[in-house]
1. Restricting attention to region 52-73, report how many residues are touching a residue at least 24 places away in the same chain (Cβ under 8 Å) and farther than 15 Å from Thr93 by Cα.
Amino acid sequence: MPVVSVTDPIDQVLALDLGARGIARFFVAGGAAAAARALRGARRILIATGFTVAPDTPETDGPPGAAVLGHALRRLGARVRYVTDPVNVPVLTAALA
């Protein structure tokens with residue numbers, strides 16, 4: 001497993017690969033800060049979420065995370081919309097309630 005060298009505390013958390021899923025292949029040092037800067041000035045944001053794990057089995061972490069992110073972005077003045085697949089609609093709806 002490649003070792004990712006990071007100094008930003010947020011990057012250190014994001015680079016953790018506790019499940020040994022190979023996060024280093026996708027991790028970009030400074031990526032979270034760059035995304036935050038880009039989102040900070042955005043006025044309209046579309047958040048895509050949901051990954052159907054098996055037939056009729058929604059995911060349970062993405063939609064709530066999307067709801068929290070959307071809430072924070074709305075507080076910064078953005079107009080937020082969400083998109084997901086039909087299986088994940090109930091989870092996203094509950095997270096947004």
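The values are calculated or read from the model by the stated rules, or taken from the named source; none is laboratory data. Nothing here was measured: the structure is a model prediction, and the numbers come from that model. Glycine also receives a Cβ, built like all others from the backbone with ideal geometry; neighbour counts cover every protein chain displayed.
1. 4
Yes/no per residue for (1) crowded, with 18+ Cβ neighbours inside 10 Å; (2) touching a helix residue (DSSP H, G or I) at 6+ places or on another chain (Cβ under 6 Å); (3) among the basic types (Lys, Arg):
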| residue | (1), (2), (3) |
| --- | --- |
| Thr57 | no, no, no |
| Asp61 | no, no, no |
| Pro64 | no, yes, no |
| Ala67 | yes, yes, no |
| Leu76 | no, no, no |
| Leu92 | yes, yes, no |
| Ala95 | yes, yes, no |
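A quick yes/no check of all residues on (1) surrounded by 15 or more Cβ atoms within 10 Å (Cβ to Cβ); (2) touching a Cys at 6+ places or on another chain (Cβ under 8 Å); (3) polar (S, T, N, Q); (4) at pLDDT 90 or above:
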{"position": "Gly19", "(1), (2), (3), (4)": "no, no, no, no"}
{"position": "Ile23", "(1), (2), (3), (4)": "yes, no, no, no"}
{"position": "Ala34", "(1), (2), (3), (4)": "no, no, no, yes"}
{"position": "Val53", "(1), (2), (3), (4)": "no, no, no, no"}
{"position": "Leu73", "(1), (2), (3), (4)": "yes, no, no, yes"}
